[in-house]
Amino acid sequence: MSILFNVWMLPILFILHDFEEMIFMPLWKKRHYQKLLTFKKPFFGSVTQGSAFAVGVLEEFIILVFISGFCQITHNSLLYLSFVIAYTAHFIIHYIMCLQFMGYVPGVVTVTLELPIVLIIIAHYWPSDVSSTSVVVYLLLTMVITFTNLKIMHLIMPKIQTHLEKYEK
């Protein structure tokens, strides 16, 4: 059980989850192209190419490896906890997309399998002093950083896709 509480679990869980997305997202978008046109916002952004999506995954993975390394060196369990919570919060998006789509959406299988694991990790790292303002500050900053980065990557990935398509020719 101690391996579960190792700070390197976050990038491991992240990459397992994103493998599901990287493998199935391009195929899923092609298969459900007509149905996806009926939605206001495209699921997983406008990227359709697995390589471009993988670049975004790589960038996020590098950040999580850096965070895990930093937390291991500094023993900053509060920072680690806040990133695990931010990662877990994104599970909600997958469930909402499934409800909107009324079917399978890439990533939902792994978030469902990982949910009990991340809840155990959160319970383990949750400080006994829940009223601590530092917990709230860490959580707010991490959520802002995480979701801002995600938004920026979804804006950049279509440009990366264009460059990769040019490279292909």
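Within the range 115-128, how many residues turn out to be touching a residue at least 60 places away in the same chain (Cβ under 8 Å) and within 19 Å of PHE147 (Cβ to Cβ)? Even if it seems obvious, please write down each step before you answer.
From the range 115-128, those touching a residue at least 60 places away in the same chain (Cβ under 8 Å) are 117-118, 120-121, 124-125; that's our starting set.
Still in the list and also within 19 Å of PHE147 (Cβ to Cβ): 118.
Counting residues in the range 115-128 that are touching a residue at least 60 places away in the same chain (Cβ under 8 Å) and within 19 Å of PHE147 (Cβ to Cβ) gives 1.
Limited to the range 37-55, what total is found for residues that are out of contact with any Lys or Arg (no Cβ under 6 Å at 6 or more places or on another chain), touching a residue at least 60 places away in the same chain (Cβ under 8 Å) and over 19 Å from ALA89 (Cβ atoms)? Break it down into steps so the answer makes sense when it comes.
Restricting attention to the range 37-55, the residues satisfying the condition of being out of contact with any Lys or Arg (no Cβ under 6 Å at 6 or more places or on another chain) are 37-47, 49-55.
Filter once more, keeping what is touching a residue at least 60 places away in the same chain (Cβ under 8 Å): 39, 43-47, 49, 51-53, 55.
Within this subset, residues satisfying the condition of being over 19 Å from ALA89 (Cβ atoms) are 39, 46-47, 49, 51-53, 55.
Residues meeting the conditions: 8.
Can you say whether TYR95 is more than 17 Å from VAL57 (Cβ to Cβ) and part of a helix (DSSP H, G or I), as far as the supplied structure shows? Break it down into steps so the answer makes sense when it comes.
Working: more than 17 Å from VAL57 (Cβ to Cβ): yes; part of a helix (DSSP H, G or I): yes.
Spelling it out, TYR95 is indeed more than 17 Å from VAL57 (Cβ to Cβ) and part of a helix (DSSP H, G or I).
What are the pairs with Cβ atoms under 6 angstrom where one residue, in the range 150-167, is of a type in the set (Val, Ile, Thr) and the other, located anywhere, is in a helix (DSSP H, G or I)? Sequence gap at least six, or different chains.
Filtered contacts from the range 150-167: ILE160/ALA52; ILE160/VAL55.
Is it the case that the range 7-20 has a residue that's in contact (Cβ under 8 Å) with a residue 60 or more places away in the chain and more than 24 Å from THR142 (Cβ to Cβ)?
The answer is no, given that none of the residues of the range 7-20 is in contact (Cβ under 8 Å) with a residue 60 or more places away in the chain and more than 24 Å from THR142 (Cβ to Cβ).
Among the residues of the range 118-142, which ones are within 19 Å of TRP8 (Cβ to Cβ) and touching a helix residue (DSSP H, G or I) at 6+ places or on another chain (Cβ under 7 Å)? Please lay out each step first, then the result.
Step one: list which residues in the range 118-142 are within 19 Å of TRP8 (Cβ to Cβ), which gives 118-125, 142.
If the condition is that a residue be within 19 Å of TRP8 (Cβ to Cβ) and touching a helix residue (DSSP H, G or I) at 6+ places or on another chain (Cβ under 7 Å), then VAL118, ILE120, ILE121, ILE122, HIS124, TYR125, THR142 are the ones that fit.
Looking at this structure, is TYR80 closer than 29 Å to TRP28 by Cβ, buried (at least 18 other Cβ atoms within 10 Å of the Cβ) and aromatic (Phe, Trp, Tyr)?
Working: closer than 29 Å to TRP28 by Cβ: no; buried (at least 18 other Cβ atoms within 10 Å of the Cβ): yes; aromatic (Phe, Trp, Tyr): yes.
In short, no.
Out of all the residues in the range 36-44, is one or more in a helix (DSSP H, G or I) and farther than 18 Å from LEU99 by Cα?
Narrowing the range 36-44 to residues in a helix (DSSP H, G or I): 36.
When the remaining residues are screened for being farther than 18 Å from LEU99 by Cα, the result is none.
No - not one qualifying residue is present in the range 36-44.
Count, please, the residues in the range 37-58 that happen to be surrounded by fewer than 16 Cβ atoms within 10 Å (Cβ to Cβ) and not small (Gly, Ala, Ser).
Of the residues in the range 37-58, 7 are surrounded by fewer than 16 Cβ atoms within 10 Å (Cβ to Cβ) and not small (Gly, Ala, Ser).
Okay, residues lined up against (1) surrounded by 15 or more Cβ atoms within 10 Å (Cβ to Cβ); (2) under 16 Å from the mean Cα position of the chain (by Cα); (3) over 26 Å from THR48 (Cα atoms):
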| position | (1), (2), (3) |
| --- | --- |
| TYR125 | yes, no, yes |
| VAL137 | no, no, yes |
| LEU140 | no, no, yes |
| THR148 | no, yes, no |
| HIS163 | no, no, no |
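Show the residue pairs meeting these rules: Cβ distance below 8 Å; 6+ apart or different chains; first residue within the range 56-75 and part of a helix (DSSP H, G or I); second residue surrounded by 15 or more Cβ atoms within 10 Å (Cβ to Cβ) and of a type in the set (Asp, Glu).
VAL57/ASP18; VAL57/GLU21; GLU60/ASP18; PHE61/ASP18
Within the range 76-92, how many residues are over 11 Å from the mean Cα position of the chain (by Cα), in a helix (DSSP H, G or I) and among the polar types (S, T, N, Q)?
2
Residue-wise test of (1) within 22 Å of GLU165 (Cβ to Cβ); (2) within 15 Å of the chain's Cα centre (by Cα); (3) not acidic (Asp, Glu).
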| residue | (1), (2), (3) |
| --- | --- |
| SER2 | no, no, yes |
| MET9 | no, yes, yes |
| MET25 | yes, yes, yes |
| TRP28 | yes, no, yes |
| LYS41 | no, no, yes |
| VAL57 | yes, yes, yes |
| LEU64 | no, yes, yes |
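Where a number appears in this text, it was derived from the coordinates with a stated rule and is not lab data. Treat the numbers as computed from the prediction; the structure is a model and nothing was measured. Note: ideal-geometry Cβ built from the backbone for every residue, glycine included; neighbour counts use all protein chains shown.
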